[in-house]
Amino acid sequence: MDSCEANWPSAANNYMMKSSCPRQLTRPWILKASAFDDLERIQLREEAKEMFYHAYHSYISTYPADEVLPISCRGRFREIDSNDIDESIGNFSLTLVDSLDTLVMIGDIDEFETALKRIIRDLNFDTDIVVSVFETNIRMLGGLLSAHILAKSIQDPNDKKIRYLNASTRHQLNWYHSQILDLAEDLGRRLLPAFETRTGIPYSRVNLRHGIESNGLRLVQETCTACAGSLILEFATLSRLTGDEIFEKKARLALDSIWRHRHRSTDLVGTVLNVDSGEWVRRESGVGAGSDSYYEYLLKAYILLGDSTYLHRFNRHYSSVMRYISRGPFLIDVHMHRPNRIAKGFMDALSAFWPGLQVLKGDLQSAMATHDMFNEVIKRHSYLPEAFTTDLQVYWANHQMRPEFVESTFFLHRATKEDYYLNIGRDILRKLQDLKVECGFAGLKDVRTGVHDDKMPSFVLAETLKYLYLLFSKENETYIDLEKFIFSTEGHPLPLELSLLGPNVSNHEADFEDEDSLRELSLQHEFISTLGLSKFSDKQVESIDIARLLMRISDKFNQGDMRKHVSNYEISCPSLEAQEMRFDRHFHPFLNQIIGSHLSTSQKVIGSSQPKLVEKVRDFASNDPEFKRLAPIVGLTMTVDPNGVVKLSIGNSRPKELSKRIESDLWRGNEQCMIM
Ligand code: DMJ
């Protein structure tokens, strides 16, 4: 048994025999030009767009329904003719709102404009309908907010704060006066009564007209961790755009409360808790259904809002997940109080978002292994079943065309530029085409029988088809500049500059209960400024500059002459703090990944070539204009050590205490962090 195999649970043996170890990432920093045939890539991109149109126009023929039933070609409404009790729909034209920003991403501003006008004319939230707070937030509120932001950006493409477009447009949307933001605010206020609980953790359901004072809503006190913990991105955006702090405060207090109720020694959370007592009702801890976007929102809240409390919490949870839940490429639920006891023998399809989140975290190697495992399941059953066992057997057989796997594929492709992920994307697209029916795409009741389900959830348009389109699009081919956004859990883009746009709601209640946590956070801050990130903003050096510089250096060492001298690469600096640096909010997630690869690897060269290498390094450092411009500002130095390892370091002074900690705990005695 090799070292990789030894880490895998024995139930995975079947899979192991077939695929041996997960693929290793080689030379992750090389951003190769894609060898995937470009014509084919463009065809696939256009095909994804056509698929979106097929779904969208089918839906529009049933407007103002929430969704279209793709086989019977009828609209799906809440409780009117079908007694539909699904609380993610609410007679509020869900699919249209959820699709708005996809229209912009594919560049159909005509249709975007028509859709906005429809919504402004017709949408009314003053209805006696009970909806899910979580679903309404991520799909409706998120859809409205990103549509408003994009409408503003189209209206004034030269406004410095909101310059988000890659392409010019003849549309001016002169008629638009923030009516969509008004709708979002109205909706946000209708969700607020849900937060009237002793813990600040919101009820899972609310009546749009009567709050929680009807339908016995106060009696239902259970909610899921993801339901309560995935509100901050949309609520903070609403606060920042309207200037009213209430939304962000409520969402933040809910997160504070979940954090307080985590298990103190394992740092794990369960999947269901009581909104009044905060007690855990279901104590299994995992990353799939019930918890998924809670983790996602902690990391993304940090990236979006720059509040390191969220990062601190994410990091603590991440370490616990990797310690207790992650087993080889699998993620297996454990009991939050007894983390060595497995709580479930299967994984769900929702967990396929995890590798995408790991890309943002910078843990590319684990992301690739888990993503590969999901791909194996798909290869075996043609589609990802709703749940499967660790020997890759079907556990829950339905398939809802969920976006998580394609989302992770998109992020992995952006981070690695490997054609491998385009090939996987092509397979996903082909399989999805097989689900095409008269009025859209229909999921499967059972992946083993291929029997269709007459449903097309709104997330197919908001996410699945969007991520497919984006996967086959080059950076400059999307109508909006994705580097300026972070995606919500429903695939709605929210701008990274958000924290500059409005009130900053911080001061977490009971943030850091113990001295260790406090110390860790202040060290982290110190480290970030020591590394020069504060200098970046002072001197107006942007993250993109430094990322480009690192890429230039990397390219240099992997081209022609130099390539001969490079023999292998090895991981040598898995520094926690160095990884934190990447999440300074001035750093874009995709760039984080690129920089991350540099930070965590070293490049070894053949001893005998060393003099030549030293010469090349010197030559580069003294002649490259970008290097010369940026190196003094960020404290960047490049050296070749006696073993022939090229070292790059950022930052030149470190406080004593921090330096001690780094040497003992993190950098294992290395004087400086090597980033090549
Ligand atoms: C979507 O609404 C979101 O991605 C959410 O986070 C999870 N469920 C669906 C997709 O599966």
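The values are calculated or read from the model by the stated rules, or taken from the named source; none is laboratory data. Here the structure is a predicted model, which is why all the values come from computation and not from measurement. As a convention, Cβ positions derive from the backbone with ideal geometry for all residues, glycine included, and neighbour counts pool all protein chains shown. These accessible areas exclude ligands, DNA and RNA; they are computed on the full protein's heavy atoms, side chains included. Shrake-Rupley method; radii C 1.70, N 1.55, O 1.52, S 1.80 Å.
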Requested in this report: Please specify each residue of the range 55-77 satisfying the condition of being of a type outside the set (Asp, Glu) and assigned to a strand (DSSP E or B).
Outcome: 68, 69, 74, 75, 76
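Scanning the range 473-499 for residues that are among the polar types (S, T, N, Q) and within 16 Å of the ligand (Cβ to nearest atom), which turns out nearest to residue 404 (Cα to Cα)?
Restricting to residues being among the polar types (S, T, N, Q) and within 16 Å of the ligand (Cβ to nearest atom), the top hit is 489.
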Query raised in the report: Taking the range 292-309 as the region of interest, how many residues are within 16 Å of the ligand (Cβ to nearest atom), touching a Ser or Thr at 6+ places or on another chain (Cβ under 8 Å) and either within 13 Å of residue 258 (Cβ to Cβ) or not in a helix (DSSP H, G or I) (or both)?
Result: 3
**Report entry** Residue, modelled with the highest pLDDT, within the range 464-481, restricted to residues that are open to solvent by 10 Å² or more (accessible area, probe 1.4 Å) and part of a helix (DSSP H, G or I)
**Finding:** 469
Report summary line: When residue 402 is run through (1) more than 28 Å from residue 342 (Cα to Cα); (2) outside any helix (DSSP H, G or I), the failure sits at (1)
Query raised in the report: Just wondering, is there one or more residues in the range 392-408 that are more than 16 Å from the ligand (Cβ to nearest atom) and either crowded, with 24+ Cβ neighbours inside 10 Å or under 18 Å from the mean Cα position of the chain (by Cα) (or both)?
Result: no
Report task. State whether one or more residues within the range 349-360 are without any contact (Cβ under 8 Å) to a residue 24 or more places away in the chain, of a type outside the set (Val, Ile, Thr) and either within 16 Å of the ligand (Cβ to nearest atom) or crowded, with 23+ Cβ neighbours inside 10 Å (or both). Result -> yes
Report task. Scan (1) over 17 Å from the mean Cα position of the chain (by Cα); (2) open to solvent by 10 Å² or more (accessible area, probe 1.4 Å); (3) without any contact (Cβ under 8 Å) to a residue 60 or more places away in the chain for the single condition residue 366 breaks and write down its number. Result -> (1)
Report task. Could you look through the range 210-258, keep only residues that are open to solvent by 10 Å² or more (accessible area, probe 1.4 Å), assigned to a loop (DSSP other than H, G, I, E, B) and more than 17 Å from residue 182 (Cα to Cα), and pick out the one that is nearest to the ligand (Cβ to nearest atom)? Result -> 220
Report task. Please list, ordered by first then second residue, the pairs with beta carbon atoms under 9 Å, 6 or more apart or interchain, first in the range 285-305 and at positive phi, second more than 10 Å from the ligand (Cβ to nearest atom) and assigned to a helix (DSSP H, G or I). Result -> 290/225; 290/227
Query raised in the report: Do we have any residue at all in the range 282-301 that's closer than 30 Å to residue 485 by Cβ and among the basic types (Lys, Arg)?
Result: yes
Query raised in the report: Of the residues that sit in the range 333-347 and are open to solvent by less than 10 Å² (accessible area, probe 1.4 Å) and out of contact with any helix residue (DSSP H, G or I) (no Cβ under 6 Å at 6 or more places or on another chain), which one is farthest from the ligand (Cβ to nearest atom)?
Result: 336
**Report entry** When residues of the range 311-332 are limited to those that are out of contact with any Lys or Arg (no Cβ under 7 Å at 6 or more places or on another chain), under 19 Å from residue 263 (Cβ atoms) and of a type in the set (Phe, Trp, Tyr), the one least open to solvent (accessible area, probe 1.4 Å)
**Finding:** 314
Requested in this report: Please work out if residue 110 is away from the ligand (no atom under 16 Å from the Cβ), over 21 Å from residue 238 (Cβ atoms) and surrounded by fewer than 20 Cβ atoms within 10 Å (Cβ to Cβ).
Outcome: yes
Requested in this report: Could you look through the range 117-148, keep only residues that are hydrophobic (A, V, I, L, M, F, W, C), touching a Leu at 6+ places or on another chain (Cβ under 7 Å) and farther than 30 Å from residue 272 by Cβ, and pick out the one that is most open to solvent (accessible area, probe 1.4 Å)?
Outcome: 123
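Check the range 268-281 and report whether any residue there is assigned to a helix (DSSP H, G or I) and either charged (D, E, K, R) or surrounded by fewer than 20 Cβ atoms within 10 Å (Cβ to Cβ) (or both).
The initial filter retains those residues of the range 268-281 that are assigned to a helix (DSSP H, G or I), namely none.
No, the range 268-281 contains no residue that is assigned to a helix (DSSP H, G or I) and either charged (D, E, K, R) or surrounded by fewer than 20 Cβ atoms within 10 Å (Cβ to Cβ) (or both).
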Report summary line: Residue hits (the range 429-446; in a strand (DSSP E or B) and without any contact (Cβ under 8 Å) to a residue 60 or more places away in the chain) are 445, 446
